[in-house]
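Here is the structure we will look at, set down as structure tokens.
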Amino acid sequence: MTSQRTRNRLVQRLRDSGIRSQAVLDVIAQTPRHLFVDEALAHRAYEDTALPIGHGQTISQPLTVARMTEVLLEAGPLARVLEIGTGSGYQTAVLSPLVGTLYSVERIEPLHLKARQRLQQLNYRNVRLKLSDGTWGWPEYGLYDGILAAAAPDAVPDSLLQQLADGGRLIMPVGSQEQKLVLITRQGDNFSRKTLESVRFVPFLPGVQR
Ligand code: SAH
């Protein structure tokens with residue numbers, strides 16, 4: 001149930017659903033999603049669905065993880081990437097082998113601590129995690145070539161736009177009732193915005209919850 005075979009079946013499903021990047025599919029084939037959910041849910045880890053991770057949050061659906069990763073990396077390699085909403089750490093694990101250094105923030109302390117332990121045990125070395133409110137990004141290590149958020153605000157926070165490097169790409173869900181993935185590309189002081197498909201994410205919430 002947590003075998004390579006079930007994982008390969010998930011990869012085939014993602015391919016059938018339109019994921020084209022072989023690099024992304026390869027990483028998903030190698031990432032043990034069953035270790036990012038509670039043991040009681042491990043048998044469902046390779047279904048293409050979001051699952052609860054506690055604290056009212058969910059591990060993102062594999063298709064959405066694959067799609068956002070593919071879009072983020074579409075224009076070429078990214079040296080520094082910022083993720084908002086570490087959650088279980090699964091999206092972090094998928095991004096890690098595909099980027100230079102990955103910075104990820106989470107506002108709920110127990111999720112942050114558990115993700116840190118998992119990612120350390122699994123030896124993801126280019127990942128830095130922080131407990132904080134992603135509304136403010138992580139200015140110390142910016143500017144970022146890529147920014148990805150796994151929670152939906154009503155509008156893209158201005159600090160995230162300011163932490164995007166020239167030529168950088170930001171992808172995140174935006175909206176409350178109806179959410180859409182939004183891709184923003186920075187060219188100098190110009191931010192061009194493209195609206196992609198509808199998605200469902202947990203809300204982007206302010207503050208840190210201990
Ligand atoms: N990609 C993660 C998704 C987790 S759900 C996974 O697959 O596990 C989204 C996460 O974003 C939740 O853990 C939630 O606590 C976090 N989040 C929401 N608003 C945030 C904010 N303002 N700053 C940091 N994290 C936030």
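One table, with the values for the structure above:
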quantity	calculated
Debye, to nearest 20: dipole size of region 133-191, +1 on Lys, Arg Cβ, -1 on Asp, Glu Cβ	200 debye
Among GLU140, GLU39, GLU83, residue whose mean-square fluctuation peaks in a GNM of the chain (springs only between Cα atoms under 10 Å)	GLU140
The chain: calculated mean residue ellipticity at 222 nm from DSSP helix runs of at least 4, using -39500 (n - 2.57)	-8000 deg cm²/dmol
LEU148 long-range amide H proximity, modeled H, under 5 Å	LEU82, GLU83, ILE84, ILE171
Tilt relative to the chain, helix 4-16 - C-alpha long axis, 0 to 90 degrees, to 10	50 degrees
Volume in Å³ per residue [convex hull over Cα atoms, computed for the chain]	109 Å³
Given charges at Cβ of Lys, Arg, Asp, Glu: the chain dipole, positive-most of ILE108, THR58, ALA42	ALA42
Helix 109-121 axis, angle to the chain major axis (alpha carbon atoms, nearest 10°)	60 degrees
Using a Förster distance of 35 Å, the FRET efficiency for GLU197-TRP136 (Cβ separation, nearest 0.05)	0.80
Most mobile of ASP38, ASP189, ASP166 in a GNM of the chain (Cα contacts under 10 Å)	ASP189
Fraction of antiparallel bridges per DSSP, the chain only, in percent to nearest 5	45 percent
Amide hydrogen neighbours beyond the local backbone of ILE19, cut-off 5 Å, H modeled	none
Cα long-axis angle, helix 62-73 against the chain (0 to 90 degrees, to the nearest 10)	40 degrees
Choice from ALA75, ALA115, ALA40 showing the highest fluctuation, given a GNM over the chain with Cα pairs closer than 10 Å	ALA40
Interchain or long-range residues, amide H under 5 Å from THR58's placed H	ILE53
Region 1-53-region 96-145 distance, computed between alpha-carbon centres (Å)	21 Å
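Read the figures in this text as sums done on the coordinates, not as results from a lab. The shown structure was predicted, so the numbers you read here are calculated from the model rather than taken from an experiment. Quick reminder, even Gly has a Cβ in these numbers, built from the backbone with ideal geometry, and neighbours come from all protein chains shown.
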